[in-house]
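The values are calculated or read from the model by the stated rules, or taken from the named source; none is laboratory data. The shown structure was predicted, so the numbers you read here are calculated from the model rather than taken from an experiment. Because the Cβ atoms are built from the backbone with ideal geometry, glycine has one as well, and the counts that use them run over all protein chains shown. Protein only, heavy atoms only, side chains kept; ligands, DNA and RNA dropped before computing areas. Shrake-Rupley method; radii C 1.70, N 1.55, O 1.52, S 1.80 Å.
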Amino acid sequence: MSNEEKILQLLEAQQEEFCKINSRLDGVESRLNGMDSRLNGMDSRLEGIESRLEKLEESAEITRASVNSLLEWADHVSNAISFPLPKVE
């Protein structure tokens, strides 16, 4: 066997190994693409959740302020009937 034949044989063996590696990398790439699409879906869901949470926080602040105003009013009124109410914070 000449040197050229040995080199060709080694190149063919390397080519086979590269083909195996490429096929495995294709599988990994497809799995990563699937993960990417799932993460994109999760991102959009999280954006919706964040938006809803901001609305809830704003509503909670309004509700808290309203309840405190009512309790303050009730405290003033309770002095007339001697029935104190605790302040909610």
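Tell me, please, whether a residue that is closer than 30 Å to V88 by Cβ and open to solvent by 80 Å² or more (accessible area, probe 1.4 Å) can be found in the stretch 36-44. No, there is no match, as no residue in the stretch 36-44 is closer than 30 Å to V88 by Cβ and open to solvent by 80 Å² or more (accessible area, probe 1.4 Å). Taking the criterion of being open to solvent by 60 Å² or more (accessible area, probe 1.4 Å) and within 13 Å of K87 (Cβ to Cβ), the only residue of the stretch 51-66 that qualifies is R64.
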